Each structure stands twice: as structure tokens, then as C-alpha cells.
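J.: Supplied in C-alpha cells, the structure appears directly below.
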């Protein structure tokens, strides 16, 4: 059997300290057949000098400006020929043999379009990491969570989610993607810039009949918050804006007409809570996000080149509210809500 080609593509923007710290693990722990590429989003630090001097074996793609996570990967991957892309954050430490289990899984089932490893916290490796845990789910109102992380609570990894399983979304921090499907779906939505773009892409992949998987036999360690720190006003704005736009794009109209108003209401409750607990910038960010969604809707058609199936018929969708379960029923763990799937 012919060995599939694999390209590990690290998108970098002013992350010289992460490249210096984590590139050695990528180079030493990755399969020999995997190319390592750094796509630079017009960094203003000395990232390029470091790469040229200390990592001459790493291929470089230099972009003319900062296109964000979504646009940057779209631009970079247009220049990469490979059977599989591995989209890897610069702040991720990989472990030996992390590539083979996922490629073997994806080769065994051509319907799998994307897959993620188990993400653990770099600073607290006994905990699942916020950005994806052991595979992403989403509730019926569009709130994402994962095996091992619900809202702010990251569980301790005691191998409770070690089974390979279908999920709704694969984390963009370490995302294996079948290149042909990525291109067929026209990649990420560049308008998103950063945050939620991988969930939107996985949703569109599912609507086209593909599977998204989690493969915990592969393990990586993610620092998290490297580009936009947690709680950052810009991060709050992008998360709320992009999540609502994702719902606008992908929900069938019968669901959109009532879920979007409900989401706006719940978002406002969240914003007011932050305002009265001393986080006025978060309040402002949510309001700005809502204004941006309205503007986006006025400029974009909601027609799509795929069938918008009912949300809860897709894999990895929880047909209830995690907001209610988390804040009212005090269910803080994925296993409390879904079970050990």
C-alpha cells in the first residue's frame, strides 16, 4: 500500500518563543514521511530569522500580511500538495507516535474528513485542555463543549474518554484534515479571522456526508491562549460573533427563526452578568458582536451549496441546553451530561 503524504503546517504570528520551545518536539516525534512547514502570517518578531538559522529543514511559506487563523491557513494550504494536512498550533508539544494512529484511522475509513488527538494541558498535563479535550460536541443552541471540558471546567484525564469516537468538531489546535475535503469545502471561512472556524468547517463537512473523529491514542499538550489571551475583549467579540454567524450559515431556516433570537437573549444575559461583576469590556464586546452579526446578515445570502439538515440529526449534537445543565443542574462534566462516550 502506498504511504499517504502528510504535511504538518504550523501557522505562526509573532510566536518566536513558541517555535523555539515546541518545534524540536514536532521534528523529533513526527513520522519521517511527514513534512514540517511553517506558514508565517507576516510576523514582526524574529520568527523567520530563527527558522532560517536554527531549523533549516523546516519549509517556509511567507504570507504578505496577517490573515488570521482562518485566512492564513486558507492562503498557506493553497500552496501545499499533500493527502493530509495537520494543522498544528505553534504552542503545542507533541508526543512520540502522535501521527500514526490518526492517519491509520483515516486511511481505514475514507468518509473521515477530520480528526483530532487528545488535547491535554501543557501546564497541567493531568487535565484536558480547553481547546478541544478529547473531541468536540455542541448543544442544540450552538454552544460548543468537549469530552473533558464544559465551559470553564476542564476535567482530570483518568482515561475516561480514551475510546476512538465520532464527534461534531475537531480542535483547530491539532487538526488532521483530508486535503481533498478541505479544498472541496473551500477551507475555513476567512471572515471568521480566528475562533469557531474549525467548528464551522466540521459542520459543513458533516452536511456533505463526512465524519469527524477523535482519536485519543494520539496525545498532544497545548498551552492555549497563545494568540489572544483568555478573557481578552477581542477574543470574546470573535467567539460570540463567529458562533452566531455559524448558526446563520448552517441551520435550516425552521430552526434559525427561533434559535437565533433565543441565543441573542442568552448572550445579553451573559453580557449583563459580566457588566455587574466587573467586566464591562466583555459586555461591550458581546454588544459589538451582535451588531456585527446583523451587518453580516444584511450583506450575505444564506443559500449554501449543501443541504442544511436538522441540527440534531448530526453526530455530536446534544439535543438539550448545556447552559441549563451547567448553571442550573450543576452538571460540570461531559460524563454528567452525555456519559462516557
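Any read-out appearing in this document is the output of simple, stated calculations on the displayed coordinates, not a laboratory observation. Quantities reported herein were computed from a predicted structural model and do not represent experimental measurements. Note: ideal-geometry Cβ built from the backbone for every residue, glycine included; neighbour counts use all protein chains shown.
J.: For residue 123 and residue 291, FRET efficiency with R0 = 35 Å and r from the beta-carbon atoms, rounded to 0.05?
T.: 0.45
J.: FRET efficiency for residue 48 and residue 270, Cβ-Cβ distance as r, R0 = 30 Å, nearest 0.05?
T.: The pair residue 48/residue 270 has a calculated efficiency of 0.15.
J.: Over the stretch 119-189, what portion of Cα pair distances is larger than 18 Å, expressed as a whole percent?
T.: Value for the stretch 119-189: 43 percent of Cα pairs lie more than 18 Å apart.
J.: Sticking with this structure for a sec: Which ordering of 235, 295 is given by a fewest-first count of other beta-carbon atoms within 10 Å?
T.: Going from sparsest to densest Cβ surroundings: 295, 235.
J.: Given q = 0.12, 0.18, 0.24 Å⁻¹, what are the Debye log10 I(q)/I(0) values for the stretch 1-86, with equal point scatterers placed on the Cα positions and solvent ignored?
T.: Cα-only, vacuum Debye calculation for the stretch 1-86: -0.34, -0.75, -1.25.
J.: Ratio of Rg to Rh for the stretch 22-66, alpha carbon only, Kirkwood? Walk me through the numbers on the way to the answer.
T.: Details: Rg = 11.2 Å, Rh = 11.3 Å.
Answer for the stretch 22-66: 0.99.
J.: Sticking with this one: Could you please rank 186, 263, placing first whichever residue has the fewest other Cβ atoms within 10 Å of its Cβ?
T.: On the way: 186 12, 263 19.
Least to most surrounded, the residues fall as 186, 263.
J.: Still on this structure, I have one more. Could you please rank 253, 324, 203, placing first whichever residue has the fewest other Cβ atoms within 10 Å of its Cβ?
T.: So the residues, fewest neighbours to most, are 253, 324, 203.
J.: Hull surface divided by four, with the convex hull built on the Cα atoms of the chain: how many nm²?
T.: Answer in nm², one decimal: 16.7.
J.: Test of understanding: extend the Cα→C-beta vector of residue 110 to 7 Å, then name every residue of the stretch 1-35 with backbone N under 19 Å from that spot.
T.: 1-6
J.: Beyond 19 Å, what share of the Cα-Cα pairs of the stretch 234-337 is found? Please give it as a whole percent. Walk me through the numbers before you get to the answer.
T.: Details: 2834 of 5356 pairs.
When every Cα pair of the stretch 234-337 is considered, 53 percent fall beyond 19 Å.
J.: Quick check of the Kirkwood formula: for the stretch 137-264, what is the inverse mean of 1/r over all pairs of different Cα atoms, in Å?
T.: 16.0
J.: Calculate how many DSSP beta bridges within the chain are antiparallel, expressed in % of all such bridges and rounded to the nearest 5.
T.: Restricted to the chain, the bridges split so that about 45 percent are antiparallel.
J.: Now for a separate question. Between residue 312 and residue 158, 0.36 nm times their residue separation minus their Cα-Cα distance comes to what?
T.: Values: separation 154, 0.36 × 154 = 55.44 nm, distance 2.92 nm.
Using 0.36 nm per residue and subtracting the Cα-Cα distance, I get 52.5 nm.
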